[in-house]
Every structure is written in structure tokens, then in C-alpha cells.
Amino acid sequence: FGLSGNLSPYIGNMSSLQSLQLQDNQITGFIPNQITKLYSLRVLNMSSNRFEGVLPSNLTNLNELRVLDLSSNKIVSRIPEDISSLKKLQALKLGRNSLYGTIPATLGNISSLKNISFGTNFLHGWIPSDLGRLHNLIELDLTINNLTGTVPSVVYNLSSLVNLALAANSFWGEIPYDVGHKLPKLLIFNFCFNKFTGRIPGSLHNLTNIRVIRMLSNHLEGTVPPGLGNLPFLQLYNIGNNRIITSGVKGLEFITSLANSTHLNFLNIQGNMLEGEIPETIGNLSKDLSILYMGGNRFNGSIPSSIGRLSGLRRLNLSHNSISGEIPKELGHLEELQELYLARNKISGAIPNSLGNLLNLNKIDLSRNELVGKIPISFGNFQNLLHMDLSSNKLNGNIPAEILNLPTLSIVLNLSMNLLSGPIPHVGKLTTIASIDFSNNQLNGSIPSSFSSCLSLEKLFLARNMLSGSIPKSLGDVRALETLDLSSNLLTGCIPVELQNLHVLQI
């Protein structure tokens, strides 16, 4: 209801209250200790408010409590050791606060516990092996803390677990290869951002109902195990930033097998050591696929034109590979695409005009390839573009005035290290751009005075061209300018005294 202000201590007078649900408001201040007088309370949900301070003392008076949800507040406290007195507790949700200290081993005494959610806090230490006694546990969420050590083997024996999320800690050791056999009910397996070693547990690919498998940023090795074709309900598969390799001519068949996961929304295999040609069958993946990250591997061959059939794609990253051939014109069919990254490959040929059909594009990076020809005029259709990098190619011709009329460009416009010629067009529409780099081309004519309209410009690189004439006085109006490089041109005249107005200029 958008409630604000403090919670009255007189709440403690409601002695028969069994359920108190105040979640999703804007209540501030301390949680009154008088709440611990509500001896009949079974449900206490005060999540998603702005409560601060410590957990109320004598919480253990609430002997009837089944649900305690104080997540998403500003509580700074330890988890009390005597919380085990809440013998009937089923759900304990304290995530997204500022809890510190260790996880009490006494939690293992609350045999009724089904949900433990402590994610996004400052807890440290190890996972107590005592949690292995919680045979009714469905959820164990300890993500984004400062926990360390190995995961106690007894945790992998909690066969009732549906959600096991330990991401963003400092856990190490090998994940048992048979974890999927020991935890047959798993729907969510989230071990991202840790220090786990060994191989991807192949048994996870036998969990026919699993929805989420996340192991991003660990030290996992070996190949992708078989069996991904067994997961019809899989929505997210993320093994990026590990040391996964391919083996043999069928090393990338796991991509083909994911076609059976008709609900797949997110696939990240980037930052590994995968080799070979991206199979044409990638176009058979789910139409729900929104994010496809394959950058930072050793893929070669060309980009399959079938990617154009993945009509739900919003982000496509194939950067940092050894991909050759031309950009398929079929990418222009991806009408939902917001981010396109093809940088640092060996892609040749002209940029297809069809990319101008990507009206929802926010970011495009085609830098460090071998692209030739002109920048398509159709790029002027990008009415939502924030970032464009076409640098380090062999593009020629003029800079299209159309791309300098995109008022949304606010991060980067980088056309450097090409063979662009002719004068710099009017840039007055780029009022919110932060960085412009036209250096290392063959541009001529004078520096446009319209740069003075780029009031948010912090970096301007025009070096190593054939620009002539004088430095415009109006550059002194670009007060945000930190870096200005006009070197190695054919400029004449004096340095305008107005440049003294650039008080944040560093280089």
C-alpha cells in the first residue's frame, strides 16, 4: 500500500495476531522489540521495506513462528545462535540486508526448515555441516556473501533440495559428479563466481525437470558432458568463463542438442577454449532464446546464417574468436536485438545494409575485423543506439551524416583506424555523447564548430588525419572535455585562448 513512517511499538498489544504481512512498503526505522510479544504469530513478513538496526532481541519468544521473512531491508546484525528455539520454523528469509558473522550451526536443529535464504549479505566462514540434518530443506540460497571453504558433503545428500544457490562466494573444491543423482529434485543449480575445480557434473544433464544450471566464472575443465538433450524445461545454461574445451569433430554437438530445450532463454558459453565451427543447427534453438554469449573462445569458420531465425534474441556476443567470412544479412531479421558484439574476429566483406533494420539496437561493436566498404546509411535508423564501435577495420568513404544525427548516442562513437575520407559532417545532434574517436583515418577539411553542441563530450580524438584550418574557438564551450587529441593533422593558426575554459582537461 505504499506505507511509510515507523512501525508503532503498540503492535505488540495485538496478542492474538497470527499473521503480520507488511511486505513491499516503505516502512523505516527499527523493528520494535514489542513484536516479540506476539506469541501466537505464525507468519512475520516485513520484506522489501527500509527497516534498519539489529534483529529484535527475544525473537525466540515467537514459538509458533513458521515464516520469518525480513529480506530486502537495511538490517545490520548477526544471526542469533538461539534462533534454533524456533522449532516450528519452515521459512527463514533474511537475504539482501547487511548481516555479518557466521551461519549458526544451530540452524541444523530446526528440523522443520524448508527455506533458508541468506543471499546478498556479508556472512563469512564455512557452511556448517549441521545443515545436513535438515532433511526437509527445499531451498538453500547463500549467494553473494563472503563464505569460503568446501561445500560439506552432507549438503549434497539433502535429496529434498529444489534450489541450491551458492553463487558469488569463495567456495572451492570439486562438485561431485553425481550431484544430480543425489539431488534428484533440483530445479535451480547456481554455483557461479566461485573457485570450483574439476569437471561439469554430467549428472545434472539427467535432471529432466531442471530449469537453471549456472556455473559461470569458476575453474572448471574438461568437455561439456553429454545429455543436454534430456532437458526439455531448461531455461538458463551458463558455463561461461571457465576452461571448457571441445574434443573431437563432434565437440560442439552439445549446442545442437539444446534444441530440445524449447524454453531456453539464456545460453552463455563464452570465455572458454571451445574450438570449431559454430554449427548451422544453432538456428534450431528456442525462439525464446534472448541472450546468446559465445565470445572469447576459439571458434572459426563463418557466422551461420541460421542465427537469423532466433527471433527472440536481444543480446548476441561472438567477439574475441577467429570467425571469418562475411556478416550474414540474415542478422537483420533479429528485430528484438539490443546488443550486437562481433569484435576481434577476422570477419571480412561489407557491412550488410540489413543491419539497419535492428531498430531496437542499443550497442553495436564490429571493431577489430577486416570489414571493407562504406558505413551503411541505414545505420541512421538506430533511434535507440547508445554505443557504436566500428574501429580497426578497412572501411572507406565518407562518415554518413545520418549516424551523426542519432540523439540517443551517449556513450561511444568510435570510427578510428579505418580509411574514412572527406570532411567531418555536422555533429550538433550528439548532445549527450561522452566519447568520439575519428582518429587514424583520411578525413580532411576543417574541424566543425558544431562540436560545441556536444556538451557532455569527455573525450575527442581526431588525431592522424588530414584536417586543416584553425582549431575552432567553440571547443572551449565543451566544458566536460577531459581528453583532446588533434595531433598529426594539417592544422594552422594559434591555439584558441578559449581552450583555457576546459578546466577538467587532462591530456
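Structure notes:
- Conditions (1) modelled with pLDDT of 95 or more; (2) surrounded by 13 or more Cβ atoms within 10 Å (Cβ to Cβ); number of the one not met by Thr492: (2)
- Selection status of Leu467, touching a Leu at 6+ places or on another chain (Cβ under 7 Å), touching a residue at least 24 places away in the same chain (Cβ under 8 Å) and more than 21 Å from Ile375 (Cβ to Cβ): no
- Inside the stretch 474-489, residues that are in contact with a Ser or Thr (Cβ under 9 Å, 6 or more places away or on another chain), assigned to a loop (DSSP other than H, G, I, E, B) and surrounded by 17 or more Cβ atoms within 10 Å (Cβ to Cβ) make up a count of 2.
- Among residues of the stretch 385-405, those that are hydrophobic (A, V, I, L, M, F, W, C), open to solvent by 10 Å² or more (accessible area, probe 1.4 Å) and either part of a helix (DSSP H, G or I) or touching a helix residue (DSSP H, G or I) at 6+ places or on another chain (Cβ under 8 Å) (or both), counted: 1
- Only strands (runs of 3 or more DSSP E) whose full extent lies in the stretch 30-79 are considered here, and the ones with at least 2 residues that are modelled with pLDDT of 95 or more and open to solvent by less than 30 Å² (accessible area, probe 1.4 Å) are 43-45, 67-69.
- Gly108 fulfils the conditions (1) in a loop (DSSP other than H, G, I, E, B); (2) within 27 Å of Gly53 (Cα to Cα); (3) open to solvent by less than 40 Å² (accessible area, probe 1.4 Å) except for a single criterion, (1).
- Hits in the stretch 128-144 - residues which are more than 13 Å from Asn157 (Cα to Cα), open to solvent by 10 Å² or more (accessible area, probe 1.4 Å), in a loop (DSSP other than H, G, I, E, B) and of a type outside the set (Ser, Thr, Tyr): Pro128, Ile144
- For the stretch 159-168, filtered to residues that are in contact with a strand residue (DSSP E or B) (Cβ under 8 Å, 6 or more places away or on another chain) and in a loop (DSSP other than H, G, I, E, B), the residue that is surrounded by the fewest Cβ atoms within 10 Å (Cβ to Cβ) is Val162.
- Lone unmet requirement of (1) under 17 Å from the mean Cα position of the chain (by Cα); (2) over 22 Å from Asn241 (Cα atoms); (3) among the β-branched types (Val, Ile, Thr) for Ile307: (1)
- Where a residue in the stretch 369-387 is basic (Lys, Arg) and its partner, wherever it lies, is surrounded by 15 or more Cβ atoms within 10 Å (Cβ to Cβ), with Cβ under 7 Å and at least six apart: Lys374/Leu395; Lys374/Asn396
- Residue match in the stretch 118-131 (condition: of a type in the set (Asp, Glu) and closer than 21 Å to Cys192 by Cβ): no
- Filtered residues of the stretch 111-125 (kept if open to solvent by less than 20 Å² (accessible area, probe 1.4 Å) and in contact with a helix residue (DSSP H, G or I) (Cβ under 8 Å, 6 or more places away or on another chain)): Leu113, Ile116
- Residue within the stretch 127-141 that is farther than 17 Å from Leu207 by Cβ, of a type in the set (Gly, Ala, Ser) and in contact with a helix residue (DSSP H, G or I) (Cβ under 6 Å, 6 or more places away or on another chain) present: yes
- The stretch 420-473 holds no strands (runs of 3 or more DSSP E) entirely within its bounds that carry 3 or more residues that are open to solvent by 10 Å² or more (accessible area, probe 1.4 Å), at pLDDT 95 or above and within 16 Å of Ser391 (Cβ to Cβ).
- Filtered by the rule that a residue be in contact with a Pro (Cβ under 9 Å, 6 or more places away or on another chain), assigned to a helix (DSSP H, G or I) and loosely packed, with under 12 Cβ neighbours inside 10 Å, the stretch 1-22 gives a lone residue, Tyr10.
- Scanning the stretch 279-304 for residues being more than 23 Å from the chain's Cα centre (by Cα) and within 20 Å of Asp365 (Cα to Cα) gives a total of 5.
- Cβ-Cβ distances below 6 Å connect the following pairs, each with a first residue in the stretch 169-192 that is open to solvent by 70 Å² or more (accessible area, probe 1.4 Å), a second residue that is polar (S, T, N, Q) and in a strand (DSSP E or B), and a separation of six or more residues or different chains: Glu174/Thr197.
- Among (1) open to solvent by less than 10 Å² (accessible area, probe 1.4 Å); (2) at pLDDT 95 or above, the one test that Asn25 misses: (1)
- Residue-level check: of (1) in contact with a Leu (Cβ under 7 Å, 6 or more places away or on another chain); (2) part of a loop (DSSP other than H, G, I, E, B); (3) not hydroxyl-bearing (Ser, Thr, Tyr), Ile244 misses just (2).
- The criterion of at least 1 residues that are under 20 Å from Phe266 (Cα atoms) and in contact with a Lys or Arg (Cβ under 6 Å, 6 or more places away or on another chain) is met by the following strands (runs of 3 or more DSSP E) wholly inside the stretch 169-225: 188-190.
- Verdict on Ile377 being open to solvent by 30 Å² or more (accessible area, probe 1.4 Å) and within 34 Å of the chain's Cα centre (by Cα): yes
The values are calculated or read from the model by the stated rules, or taken from the named source; none is laboratory data. Just so it is clear, the structure is predicted and the values come from calculations on it, not from any experiment. A quick note on method: Cβ atoms are made from the backbone with ideal geometry, for glycine too, and the neighbour counts reach across all protein chains shown. For accessibility, only protein heavy atoms count, side chains too; no ligands or nucleic acids. Shrake-Rupley method; radii C 1.70, N 1.55, O 1.52, S 1.80 Å.
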